[in-house]
Amino acid sequence: MVDSSPGASPEAPRRSARLVLIGPPGAGKGTLAENLCSFSFDHISSGDIFRGHVRNQTPLGQRLGKSLANGQLVSDELTLETMKKWFWSRKPSQGFLLDGFPRTLSQAQAFDEWLESRSIKLDAVIHLHLQEEAVVKRIAYRRVCPKDGRVYHLLYNPPAREGICDDCGTELIQRPDDREPVIRERLRIYRQKTEPVLTYYREQGLLLTIHSEGHAADLAKTVEQKLQPFFAIR
Ligand code: ADP
């Protein structure tokens, strides 16, 4: 729940929002979700929901595990089955910020049907835009300490000694899915499958596109300001 996030003013009740967040890997979706303080919502990541099923060894988890392991998108059929379960487990009044779903046009169309059947309307769809080369630069230069999890960036936040964790002296590694060919493949899938979703929401007047090059805190402020008109007209 974001309701208790730091920085929220106790005097100004935060408005319950129904938002979708779309952007390429590395665009900063998770950080933005954490920093959006003037709205109240549950931050829901489809990836987290899927991993939860796998961890809890549910029947869905057994089917999801195979798809997640190969790094490709989960099929629309299985994604919709899983996300529908999540959707109908909630009260219609609960706000949400959906991160990672919908990711294909058919998912977006199915999601609209579910919303309509419960008389819920989306307030806005936030699209974080980042140039592909900036994505590659952000992710491919990332190194992590396998022991304490500390994250470095070889250009912007390098360790004092090359390849060694400042805190514990362990040799840093690159996560397999942070390697450049893997990132480029994820970006290709994003272009092919997810960009049509942007057009779909743009045509509904719901899309707010924000360039995500800057600092995380500034980005959240900009998004909050630019979201206001979406609430004013609804
Ligand atoms: P990432 O977006 O960095 O891959 P996520 O945590 O959002 O990480 O998702 C993890 C994995 O779950 C994705 O790589 C994909 O296989 C699957 N996934 C998540 N959301 C969807 C979706 N809406 N449609 C299909 N597959 C999805």
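For Q192, which of the numbered conditions (1) without any contact (Cβ under 8 Å) to a residue 60 or more places away in the chain; (2) farther than 22 Å from L73 by Cβ fails to hold? Condition (2) is where Q192 drops out. Scanning the range 191-224 for residues that are within 16 Å of the ligand (Cβ to nearest atom) and open to solvent by 30 Å² or more (accessible area, probe 1.4 Å) returns R191, Q192, K193, E195, P196, Y200. Only one of the numbered conditions (1) within 11 Å of the ligand (Cβ to nearest atom); (2) open to solvent by 30 Å² or more (accessible area, probe 1.4 Å); (3) assigned to a loop (DSSP other than H, G, I, E, B) is violated by F101, and that is (2).
Does L97 fit the bill of being on the phi < 0 side of the Ramachandran plot, at pLDDT 95 or above and touching a His at 6+ places or on another chain (Cβ under 7 Å)? Against the criterion (on the phi < 0 side of the Ramachandran plot, at pLDDT 95 or above and touching a His at 6+ places or on another chain (Cβ under 7 Å)), L97 qualifies. Restricting attention to the range 137-189, the residues that are outside any loop (DSSP other than H, G, I, E, B), open to solvent by 30 Å² or more (accessible area, probe 1.4 Å) and either free of Cβ contacts under 8 Å to residues at least 60 places away in the same chain or not basic (K, R) (or both) total 16. Filtered by the rule that a residue be more than 9 Å from the ligand (Cβ to nearest atom), under 24 Å from S117 (Cα atoms) and in a loop (DSSP other than H, G, I, E, B), the range 43-98 gives S89, R90, K91, P92, S93, Q94, G95.
The values are calculated or read from the model by the stated rules, or taken from the named source; none is laboratory data. None of these values were measured; they are calculated from a predicted model. Because the Cβ atoms are built from the backbone with ideal geometry, glycine has one as well, and the counts that use them run over all protein chains shown. To get the accessible areas, we keep the full protein, side chains included, count just its heavy atoms, and leave off ligands, DNA and RNA. Shrake-Rupley method; radii C 1.70, N 1.55, O 1.52, S 1.80 Å.
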